[in-house]
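S.K.: Okay, here's the structure, questions in a sec.
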Amino acid sequence: MTPYDGYHRRTVPPPDRELTEVGPGTPGGEYLRRFWQPVAFERDLGDTPLRVRILGEDLVVFRDRRGQIGVLHLHCAHRGTSLEFGIPLECGIRCCYHGWVYDVDGRCLETPGEPAGSRLRERVVQGAYPTHVFTGLIFAYLGPPDRRPDFPMYDSYAVPGLRLMPAATFALPCNWLQVKDNSMDPVHTAFLHALSSGYQFTEAFGVVPELDWMTTEAGMVYIATRRVGDLVWVRVCDFMPPNVHQFTREIEDASQAKSASRPVVIRWAVPNDDGQTTNFELAQVDPAWGLTPAEVARPGFGQSDDRPYAERQRQPADFDAQSSQRRIAVHDLEHLASTDRGVIMLRRIVRDGIRAVARGEDPAGLGHGKIIRTFTQDTVVRVPPAADPDEDRRLLRATGRDTVNSR
Amino acid sequence: MTPYDGYHRRTVPPPDRELTEVGPGTPGGEYLRRFWQPVAFERDLGDTPLRVRILGEDLVVFRDRRGQIGVLHLHCAHRGTSLEFGIPLECGIRCCYHGWVYDVDGRCLETPGEPAGSRLRERVVQGAYPTHVFTGLIFAYLGPPDRRPDFPMYDSYAVPGLRLMPAATFALPCNWLQVKDNSMDPVHTAFLHALSSGYQFTEAFGVVPELDWMTTEAGMVYIATRRVGDLVWVRVCDFMPPNVHQFTREIEDASQAKSASRPVVIRWAVPNDDGQTTNFELAQVDPAWGLTPAEVARPGFGQSDDRPYAERQRQPADFDAQSSQRRIAVHDLEHLASTDRGVIMLRRIVRDGIRAVARGEDPAGLGHGKIIRTFTQDTVVRVPPAADPDEDRRLLRATGRDTVNSR
Amino acid sequence: MTPYDGYHRRTVPPPDRELTEVGPGTPGGEYLRRFWQPVAFERDLGDTPLRVRILGEDLVVFRDRRGQIGVLHLHCAHRGTSLEFGIPLECGIRCCYHGWVYDVDGRCLETPGEPAGSRLRERVVQGAYPTHVFTGLIFAYLGPPDRRPDFPMYDSYAVPGLRLMPAATFALPCNWLQVKDNSMDPVHTAFLHALSSGYQFTEAFGVVPELDWMTTEAGMVYIATRRVGDLVWVRVCDFMPPNVHQFTREIEDASQAKSASRPVVIRWAVPNDDGQTTNFELAQVDPAWGLTPAEVARPGFGQSDDRPYAERQRQPADFDAQSSQRRIAVHDLEHLASTDRGVIMLRRIVRDGIRAVARGEDPAGLGHGKIIRTFTQDTVVRVPPAADPDEDRRLLRATGRDTVNSR
């Protein structure tokens, strides 16, 4: 290779538009719209409306006094005033400017300045999206009405002994796909997270787990296996297309054999637009941990832009690593390695889904009303080491795949 | 209508460029330039120049030591340094960089670094606009010099017993036309202003006045008539093209018959550029009210972006309703109603003016040196009610039109 | 000329792209890239990397623990994470995300997540630029590797009795060329700097020195000569293409004859991009002055945007005059005068260099390994006045040129 070769490497090609664009009518945007997407936590919805931006659309989220949740286009169908200044009523929301009222489904209920007997309101529609509230998280469906899927139910929503709770939300000023790339990239945890915890690189560095990736009914998983004497700790995390992943919160100490533990965190990376992403999390919490809702809702270290730049430089974390891959990461400039196999698979799943939707087909991951099986877990199994290191690595991988397959 | 139809209604067409663009050479910009436009209050002009942006042009306003007001292009004709850093002289303004001096009419008076006897200055011109100061408000004429109109004099500038004073100025981050739409939209006062004063909607809501609109010599008026027993309160407000309107400040209690009362506020909505507008007001003030100039200059409640977002959500006012109709309101998405007849008429007057100018003709509203008759007033007349409600509404409208016609 | 002619002078043509653009592949950008450019002071480089923008490229500057300075493309060749969050190592820098390591020349030294024996790193290159540190100022060469010039040495880098020290850095939100125009424009000092020191214009104003400009081996100079009785004070300042100039810091009192004094300040105007420029200075300092490094590093009055607007209006200085000539000054609107001869010559030198590079030739000013002779000085010589003022002006100019030619 040529040293000091910056002059010949300075050209920055455009991002992969098919994979990264999210606006109305774009291939990626139409794909993402085929799934229910979180738009806000109920806890953030007071008695005034909440203005949000989702998939490049400006929307208002509100709860009327009957408790119905509405997700409407932001600008009033009458003359465009923002409904963020509207007043939630017993039924629907009233625009502040001329008092027109819309129900949560977009029907116009009143045009009070019009003469008695006016039937104008029958011809007026405010853009609206169906909503579904699950565990305090408000989802909306922004796709074509005749393709509205059932709300997908992952098996991880019900775990014996644990309680599913609303957890954190935090935003990154970058495209959603690089946020999701990170979910199938377990190697980064050995570096970035060691750094952010103050760990120093040493000669002994590099106890990276044995890694593997598999496609599953739900999407895909990564499997990280680590040997601890006669025991093997198997850690599995899911990616569920288009933009969901889940992982276990706790670090296993692997001191004894143990069946699958599933205190998962489920995280959606919702595009606000091409260059801004908001994460929403639900979490399975063990009541024995004694966490308050506020504690469960707190973002993890370094997930959001809440630290001074000097500290972010010394202890970089997820926010810094992901959001600094340019506003929209440029795949053409990447040098993908064997550890990026998960990222490659994830992008393939997304691209396949985008193209399926473009062809008029259903994308993978809709669930179709059945409980969706997922695989996230920490499991410790007794598997004595193989004779030599290469053989043992094969054994670790086989143990990992068996763990997923036997679930 | 189809509920939850946001997917089919999400496309946002572009604004009506003919009506909303204000820059040099645009149809709307050339129309607005045929009228004297306010650029600043004298009270805001100290001994340093004032940088302003008017109709998409960067300008400097200053007063030289002789008291002449200059409105010049911002950037010096020599090498472009901003004259906001210039020094007002006995006559004209000196650029800070090389000391060139320009008179208020743009003539170059000095190029002091040049050799004695240099005639360079005779070939140098700084772009300048004629000015006219009226009641402490500085107007400039940015149009073609050979079409410069007389400064228009409205009959409301002189009202017996009242004193015309400089009043408020405040800016909105949106196009000028939606600010002006509001002036011929009296229905909003029953909703928006009831809201901002904390009024709650009730069953009895909807005592909207009987409304009417008429074209006039000056432009157009709205007429709001309300019955109070045997009395009828007639409220009239003017729109004077291209971007002026006036209204009475006080709310009539209509307890007895009363001839026309005209304590008007006259308000110009001056485009800074396509997406920003500055209002300037003059007001007729009754000396008996004992208001100080600072009190007269104070913007009304909710006219400017000076309140916290949470308060604006709970008590939305004009600033919020107008500026949130998108940066430039999109007429193609509107659903205009019978109460929008005034808005429709106003836009028609503006479009007619734009097209007249495009054809090389004079637009309506120039005045041509005559006092311009306007109609803003509160009048209370004795008119016993008609037999039935529909008949009485016709009577109210007839009373309103008579009031305007008999002025 | 026509007064009040703003309407016919309001069109703003685009800037001269050939002279003002600096990005990769632009004629001006390729010209500037043929020269070593300062990117940061060593004093501003701590143990974390420094993110900079130079000639439209995002870069990271760092010092590894061996003390080598690296200037690399900001985004990691692996998956694009910013190296501003990287960790300087004994040798090179480690990306925070997956631990890849790059040497200062861009070679990839480690890809630690890859399997033992992986040769991936041999195919990975991080864009890098050669560096040279001189007097605490870090220079990089962003041009074509096969055209890398010797680091240019000006004779002013070594002046007997003086010490060259790192001096100020300060940024302007405008194009670099108008910053440099200022360097060959000595007339402005009589106006702008008189203003900023509170000097008032009087009848006696205009004791502008006799001015002259000459091309030199190094680029060009301006010569300002002033008569003080039988003495003539000759002040010479250099412009060294593409974007360097130097001047003497002290004001001569010219009370007696004196040979060339050269306490120069050398200043580079480095484009961050087309609309932002950072100046870097080195300064010759007399140890007898007793200045601390912090005092030498302090920008002069009014060089940066560190003053309130109201003060900048009353005492405008270099920052205000230069940065307000529009973001990129528009030459087509200028009215150049005899005092702008230096500006015209400077732009000619820059344009000639741009066109030479475009033709594949070397631009003037590279030095080619020889000490570059410069002429900046204050000299006082005894030259009795000529018989009449015009003759004396010719004598002053001749004295100035003799001073330059005899150096």
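S.K.: With respect to B:PRO149, is the statement that it is more than 26 Å from B:TRP289 (Cα to Cα), of a type outside the set (D, E, K, R) and surrounded by fewer than 18 Cβ atoms within 10 Å (Cβ to Cβ) true?
M.R.: Details: more than 26 Å from B:TRP289 (Cα to Cα): yes; of a type outside the set (D, E, K, R): yes; surrounded by fewer than 18 Cβ atoms within 10 Å (Cβ to Cβ): yes.
So B:PRO149 fits the description; yes.
S.K.: Further, regarding this structure: Only one of (1) within 14 Å of chain C (Cβ to nearest Cβ); (2) under 30 Å from C:GLU122 (Cα atoms); (3) of a type outside the set (Ser, Thr, Tyr); (4) within 21 Å of the chain's Cα centre (by Cα) is not met by A:ASP390, so which one is it?
M.R.: Among (1) within 14 Å of chain C (Cβ to nearest Cβ); (2) under 30 Å from C:GLU122 (Cα atoms); (3) of a type outside the set (Ser, Thr, Tyr); (4) within 21 Å of the chain's Cα centre (by Cα), the lone unmet condition for A:ASP390 is (4).
S.K.: Continuing with the same structure: State yes or no: is A:GLY25 surrounded by fewer than 22 Cβ atoms within 10 Å (Cβ to Cβ) and either closer than 28 Å to A:ARG347 by Cα or of a type in the set (A, V, I, L, M, F, W, C) (or both)?
M.R.: Here the answer is yes, as A:GLY25 does meet what is asked.
S.K.: Does A:PRO186 qualify as being within 14 Å of another protein chain (Cβ to nearest Cβ), touching a residue at least 12 places away in the same chain (Cβ under 8 Å), closer than 23 Å to A:ILE266 by Cα and over 15 Å from the mean Cα position of the chain (by Cα)?
M.R.: yes
S.K.: Right, another one. Would you check which residues across segment B:126-158 are of a type in the set (Phe, Trp, Tyr) and within 9 Å of chain C (Cβ to nearest Cβ) and list them?
M.R.: B:TYR129, B:TYR141, listed by residue number.
S.K.: State whether one or more residues within segment C:100-112 are closer than 19 Å to A:ASP332 by Cβ, surrounded by 24 or more Cβ atoms within 10 Å (Cβ to Cβ) and at pLDDT 95 or above. Show your work before the answer.
M.R.: Let us first name the residues in segment C:100-112 that are closer than 19 Å to A:ASP332 by Cβ, namely C:100, C:106, C:108.
Next, from what is left, pick out any that are surrounded by 24 or more Cβ atoms within 10 Å (Cβ to Cβ): C:100, C:106.
Checking the rest, the ones that are also at pLDDT 95 or above come to C:100, C:106.
Yes - at least one qualifying residue is present in segment C:100-112.
S.K.: Filter segment C:60-84 for residues that are free of Cβ contacts under 8 Å to residues at least 40 places away in the same chain, within 7 Å of chain A (Cβ to nearest Cβ) and more than 29 Å from the chain's Cα centre (by Cα) and give the result.
M.R.: Correct list: C:ARG79, C:GLY80, C:THR81.
S.K.: What's the number of the only condition in (1) among the β-branched types (Val, Ile, Thr); (2) more than 10 Å from every other protein chain (Cβ to nearest Cβ); (3) not in a loop (DSSP other than H, G, I, E, B) that C:VAL22 fails to meet?
M.R.: With (1) among the β-branched types (Val, Ile, Thr); (2) more than 10 Å from every other protein chain (Cβ to nearest Cβ); (3) not in a loop (DSSP other than H, G, I, E, B) applied to C:VAL22, the lone miss is (3).
S.K.: Just for strands (runs of 3 or more DSSP E) wholly inside segment C:66-160: which have at least 2 residues that are within 30 Å of A:THR189 (Cβ to Cβ)? Talk me through it step by step, then tell me what you get.
M.R.: Details: elements: C:69-73, C:108-110, C:131-134, C:137-140.
Filter on segment C:66-160 gives C:69-73, C:108-110.
S.K.: Only one of these conditions is not met by B:PHE35: (1) within 25 Å of B:THR135 (Cβ to Cβ); (2) within 21 Å of the chain's Cα centre (by Cα); (3) facing another protein chain (nearest Cβ under 10 Å). Which number is it?
M.R.: Of (1) within 25 Å of B:THR135 (Cβ to Cβ); (2) within 21 Å of the chain's Cα centre (by Cα); (3) facing another protein chain (nearest Cβ under 10 Å), only one is false for B:PHE35: (3).
S.K.: In the list C:SER338, C:SER323, which residue meets the criterion of being free of Cβ contacts under 8 Å to residues at least 12 places away in the same chain and not aliphatic (A, V, I, L, M)?
M.R.: C:SER338 is the lone residue from the list that is free of Cβ contacts under 8 Å to residues at least 12 places away in the same chain and not aliphatic (A, V, I, L, M).
Yes/no per residue for (1) among the aliphatic types (A, V, I, L, M); (2) surrounded by fewer than 20 Cβ atoms within 10 Å (Cβ to Cβ); (3) under 30 Å from B:PRO88 (Cα atoms); (4) in contact with a helix residue (DSSP H, G or I) (Cβ under 8 Å, 6 or more places away or on another chain):
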| residue | (1), (2), (3), (4) |
| --- | --- |
| C:GLU281 | no, no, no, no |
| C:ALA288 | yes, yes, no, no |
| C:GLY302 | no, no, yes, yes |
| C:ASP318 | no, no, yes, yes |
| C:ASP332 | no, yes, yes, no |
| C:VAL343 | yes, no, yes, yes |
| C:ILE349 | yes, no, no, no |
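S.K.: Of the conditions (1) within 28 Å of B:GLY353 (Cα to Cα); (2) of a type outside the set (Ser, Thr, Tyr); (3) surrounded by 24 or more Cβ atoms within 10 Å (Cβ to Cβ), B:PRO13 clears all except one; give me its number.
M.R.: Among (1) within 28 Å of B:GLY353 (Cα to Cα); (2) of a type outside the set (Ser, Thr, Tyr); (3) surrounded by 24 or more Cβ atoms within 10 Å (Cβ to Cβ), the lone unmet condition for B:PRO13 is (3).
S.K.: Okay, next question. Among the listed residues A:ARG307, A:ARG312, which satisfies the condition of being of a type outside the set (Ser, Thr, Tyr), without any contact (Cβ under 8 Å) to a residue 24 or more places away in the chain and either buried (at least 20 other Cβ atoms within 10 Å of the Cβ) or in contact with a Lys or Arg (Cβ under 9 Å, 6 or more places away or on another chain) (or both)?
M.R.: Checking each option against the conditions leaves just A:ARG312.
S.K.: Next question, about the same structure. Please enumerate the residues belonging to segment A:332-369 that are among the aliphatic types (A, V, I, L, M) and more than 14 Å from chain C (Cβ to nearest Cβ). Walk me through it before giving the result.
M.R.: Of all residues in segment A:332-369, those among the aliphatic types (A, V, I, L, M) come to A:333, A:336-337, A:343-346, A:349-350, A:354, A:356-358, A:364, A:366.
Residues satisfying the conditions are A:MET345, A:ILE349, A:VAL350, A:ILE354, A:ALA356, A:VAL357, A:ALA358, A:ALA364, A:LEU366.
S.K.: Kindly indicate whether any position in segment B:358-370 is within 30 Å of B:GLY23 (Cβ to Cβ), part of a helix (DSSP H, G or I) and among the basic types (Lys, Arg).
M.R.: No, the conditions are met nowhere in segment B:358-370.
S.K.: Which one is modelled with the lowest pLDDT, of the residues in segment C:28-57 that are surrounded by fewer than 19 Cβ atoms within 10 Å (Cβ to Cβ) and acidic (Asp, Glu)?
M.R.: Among them, the one singled out is C:ASP47.
S.K.: Are any residues in segment B:386-401 part of a helix (DSSP H, G or I), loosely packed, with under 15 Cβ neighbours inside 10 Å and among the acidic types (Asp, Glu), and if so, which ones?
M.R.: Answer for segment B:386-401, where residues must be part of a helix (DSSP H, G or I), loosely packed, with under 15 Cβ neighbours inside 10 Å and among the acidic types (Asp, Glu): B:ASP390, B:GLU391.
S.K.: Could you list, in sequence order, all residues of segment B:96-125 that are more than 8 Å from chain C (Cβ to nearest Cβ) and touching a His at 6+ places or on another chain (Cβ under 7 Å)?
M.R.: Across segment B:96-125, the qualifying residue is only B:TRP100.
The values are calculated or read from the model by the stated rules, or taken from the named source; none is laboratory data. Bear in mind that the values here come from a model prediction, so they are computed numbers and not experimental data. Neighbour counts run over all protein chains shown; Cβ positions are idealised from the backbone, glycine included.
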